[in-house]
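Notes for the one structure printed next.
The values are calculated or read from the model by the stated rules, or taken from the named source; none is laboratory data. No experiment lies behind these values; they were computed from the predicted model shown. Remember, those area values only see protein heavy atoms, side chains included, never the ligands or the DNA or RNA. Shrake-Rupley method; radii C 1.70, N 1.55, O 1.52, S 1.80 Å.
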Amino acid sequence: MDITSEALPVPEEIEEPREAAVAAYERYWRTVAESGEVPDPNYGSLVQVASGAALETARSLAQDALDAGERATGAPSHTAEVTEAYPESNPYHFVIEDCMDSTEWIVVDAETGEPVEGEEYGTREVEALVEHIDDRWIVSEVVLRELGTCLGGPRSDRRLPLGRGS
């Protein structure tokens with residue numbers, strides 16, 4: 001699957017802030033998937049879509065794959081939605097909750113291209129903080145839960161502590 005060939009919305013071109021925040025979140029994961037194909041923890045596009053803890057998470061995923069002699073193919077899919085926006089009057093911080101599905105984001109041996117045995121795929125809850133700063137949409141925090149956490153009840157019952165501000 002060539003994830004870079006899809007014509008996808010550019011968050012900075014979307015007028016509705018909630019929709020732009022979700023598009024920025026999804027762009028983050030496309031970029032993370034691209035960095036995992038190489039893999040390259042210094043993949044240049046990462047700094048265009050992430051900062052802080054989210055950037056470190058992305059780099060760590062690529063570094064772990066590089067160290068293990070692995071790479072990723074495909075990309076995760078999402079059911080992301082904004083669950084909080086602040087400040088209320090003119091929001092520029094958005095909390096995104098997602099049930100990310102990794103079944104099409106496969107880990108393979110970097111040399112042979114064969115799937116790595118023992119890898120597990122499925123859905124997991126993800127919570128992220130997306131911010132609109134200097135006319136750019138950036139993912140600044142991302143929390144990945146264990147596989148299977150999207151099942152068994154409303155996500156709001158398991159809130160995760162992301163940096164909040166007003």
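Some observations on this one:
- The string of couplings for the stretch 77-87 from the Karplus curve (6.51, -1.76, 1.60, θ = phi - 60°) is 10, 9, 10, 6, 8, 7, 10, 8, 9, 8, x Hz, one whole number per residue in order, with x for Gly and Pro.
- Under a 5 Å amide H cut-off, with hydrogens placed 1.01 Å from N, T149 pairs with E125 among residues at least 5 apart or on other chains.
- All alpha carbon pair distances within the stretch 41-113 were sorted into 10 Å bins beginning at 0; the resulting P(r) in whole percents reads 16, 35, 33, 11, 3, 0.
- Surface per residue (accessible, 1.4 Å probe) for the stretch 1-98, Å²: 49 Å²
- From helices alone, the chain scores -8000 deg cm²/dmol at 222 nm; the rule is -39500 (n - 2.57) for each run of n ≥ 4 DSSP H residues, then divide by the residue total.
- Inter-centroid distance (Cα atoms) of the stretch 101-126 relative to the stretch 17-85, Å: 15 Å
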